[in-house]
2 protein chains.
Amino acid sequence: MGKLIDGKELSSKIKEEIKNEVKGFMIKPCLAVIQIGDDEASNVYVGAKEKACNEVGIYFKHLKYDVNVLEKEIINKIIELNNDEYVNGILLQLPIPSNLNEQRIINHITSGKDVDGLNDINVGRLNNNKEGMIPCTAAGIIRLLEEYEVPMEGKNVVIVGRSKLVGKPLISLFLKKDATVTVCHSKTENLSDITKTADILVVATGSKWLIGKNDIKEDAVVIDVGVSRVDGKIYGDVNTDEVKKVASLITPSVGGVGPMTVAMLLSNVIKSYHKMNKTTN
Amino acid sequence: MGKLIDGKELSSKIKEEIKNEVKGFMIKPCLAVIQIGDDEASNVYVGAKEKACNEVGIYFKHLKYDVNVLEKEIINKIIELNNDEYVNGILLQLPIPSNLNEQRIINHITSGKDVDGLNDINVGRLNNNKEGMIPCTAAGIIRLLEEYEVPMEGKNVVIVGRSKLVGKPLISLFLKKDATVTVCHSKTENLSDITKTADILVVATGSKWLIGKNDIKEDAVVIDVGVSRVDGKIYGDVNTDEVKKVASLITPSVGGVGPMTVAMLLSNVIKSYHKMNKTTN
């Protein structure tokens, strides 16, 4: 029977460390979140970020725009925030209305404040193995594996999903750990044959219970990132109850990767704060 | 018996097209190559680039520096070339002396003229599936596979080697083609088990005959990028004579990927020329 990976506990530990560190700062670190429209899920996610910031003493600046806002207005605000010496992190809450050019907007966020790690420069730096901002969910997954002392060097890692938030950055992060990395997605033929070769399997697709007990190797480490809502109930990409009988370590659908994403976001804000204030961390 | 992939022929075709196109330009496109030191292999590679430029009518500006040149001097020259409206491509010939910061120098090349596709922004753009400059060898491999009508969607692609010139950019390029991509390297355990799953195998390590006939699946497509010199003789990463009996398509060690790299470089210079002169291509 596999052991559960407790993302909530590690996330609390990280938040506690940040909280203690921030107590010693004269000026509060500040995260600015730009939200466009009134998407219900986005409201929940933004709310969770605000709550976490409040917990640790990071000032939360919520900039909420009407769904019809012009791209130019958002970009002007970003330029203003880039130049604001009291703002350490700028985040564009996704998704945004499809008439706006998401990547073009994100590329206006200066690299040091791009706490989601999504602008071209940060993506390039990660790919080039240079220091930069790393997308929070991907960073959180690596941090969890480190915490649980999961060996990565030479191991077969299979990632299902190739999003810029999770799958793509994980390729670079796992290669840096000297793992052998395979990326699968909706067009992959015989997915199960491939997932069964994984020592570490990361699933980030948003398809309810895509992975069952017949899709994994005995004693694999299984990280479930996906969230999908079916008939008002929330499901992961992994059928945890079934898979945990075969896996050695597995994240629960709730309290696994999710809390780590927020912890890594706070951690990126602090990283920027130190850089901007030339303190050490 | 596998068919040989003729990179020389396709490269000649591309160069012929460029030559015809350049004939219609009033001002010649220009490629500036910065070489530091007098490395023998670099002299050969720079010479090949010069020859190719001359063949198609691209003006070749060779800037050769002493091995003791200061980084600042190189960067100042790059800034000058960035601002020069007659220079369309800037390339830093690698390797450079280890006391100089390679990536920092490359990041000074403006993205549009970064014809090697190595600066952080171009790397990020490729990763984010946005238009930009693509590293020449990687682009050349995809072009060869397209020319030979090799299906990529849903196929298992195995890349051996994770360099920024070949392996890393190929991950993004093959994912864009909807292939399932596995990246192996020196730390990969049981390499042969993995290469045997490949429908398309790309080997870019510089280890003589790393791949033999027992390492591939029947009818695989095999792309050999590596070059190594043992006792004055040049070898590929693939034991071609042996592997071609099992593969369906295979590049020869000479006249396979090599000529494509140069053709893609010329093609990137022309791409920049069009962009700078707002002509269409």
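Things to note:
- Relative packing of peptides B:11-18, B:260-267, A:73-80 - highest average C-beta neighbours within 10 Å first: B:260-267, B:11-18, A:73-80
- Within straight-line cross-link reach of residue B:8, aspartates and glutamates at Cα separation under 16 Å, skipping those fewer than 8 residues along the same chain: B:16, B:17, B:55, B:146, B:147, B:224
- About the Cα centre, charge dipole magnitude for the protein assembly as shown (Lys/Arg +1, Asp/Glu -1 at Cβ), debye: 500
- Taken per residue, the accessible surface of region B:136-259 reaches 39 Å², heavy atoms only and a 1.4 Å probe.
- Buried on assembly, region B:174-204 (at least 20 Å² less accessible surface than by itself, 1.4 Å probe): B:175, B:178, B:180, B:181, B:182, B:183, B:185, B:187, B:189, B:194
- Translational diffusion coefficient (Stokes-Einstein; Kirkwood radius from C-alpha pairs) of region B:136-259 at 4 °C, 1.567 mPa s, in µm²/s: 92
- For region A:21-112, with all protein chains in place and a probe radius of 1.4 Å, 52% of the accessible heavy-atom surface sits on carbon or sulfur.
- Dipole moment magnitude, nearest 20 debye, chain B about Cα centre, only Lys, Arg, Asp, Glu C-beta charged: 360
- Contact order normalised by residue count of chain B, Cα under 8 Å, 6+ apart, percent: 22
- In the structure shown, the pairs B:15/B:217; B:28/B:176; A:72/B:113; A:15/B:187 are assessed against 31 Å; a Cα-Cα span above that value is assigned to B:15/B:217; B:28/B:176; A:15/B:187.
- Pairs of Cα atoms in region B:21-112 fall into 5 Å distance bins, from 0 up to the last occupied one, in shares of 3, 13, 25, 22, 20, 11, 5, 2, 0 percent.
- Helical segments meeting 15 Å axial Cα length and Kyte-Doolittle -1.0 threshold in chain B (DSSP H): B:40-56, B:71-83, B:136-147, B:257-277
- Model label sites at residue B:277 and residue B:241, defined 7 Å from Cα along the beta-carbon direction, differ in position by 4.9 nm.
- Taken as Cα centroids, region A:177-194 and region B:161-194 sit 11 Å apart, rounded to the nearest whole angstrom.
- 37 °C / 0.692 mPa s Stokes-Einstein diffusion coefficient of chain A, Kirkwood radius on C-alpha pairs, µm²/s: 168
- Average silhouette area of region B:190-261, convex hull of alpha-carbon atoms, in square nanometres: 4.6
- For the protein assembly as shown, the fraction of C-alpha pairs more than 44 angstrom apart is 21%.
- For the listed residue pairs A:155/B:233; A:177/B:61; A:196/B:168, the alpha carbons are over 30 angstrom apart in A:155/B:233; A:177/B:61.
- Protein heavy-atom accessible surface, 1.4 Å probe, per residue over region B:34-108: 53 Å².
- Buried solvent-accessible surface, both chains (B, A), 1.4 Å probe, Å² to nearest 100: 2800
- Residues of region B:122-159 with amide N under 13 Å of a point placed 7 Å along Cα→Cβ from residue B:19: none
- Percentage relative contact order, region A:21-112, counting C-alpha pairs under 8 Å, at least six apart: 40
- Region B:255-281-region A:67-104 distance, computed between alpha-carbon centres (Å): 35
The values are calculated or read from the model by the stated rules, or taken from the named source; none is laboratory data. All values reported here derive from a predicted model rather than from experimental measurement. Neighbour counts are summed over all protein chains in view; Cβ atoms, including those assigned to glycine, are modelled from backbone coordinates with ideal geometry. Note: accessible area is taken over every heavy atom of the protein model, side chains too, but ligands, DNA and RNA are not part of it. Shrake-Rupley method; radii C 1.70, N 1.55, O 1.52, S 1.80 Å.
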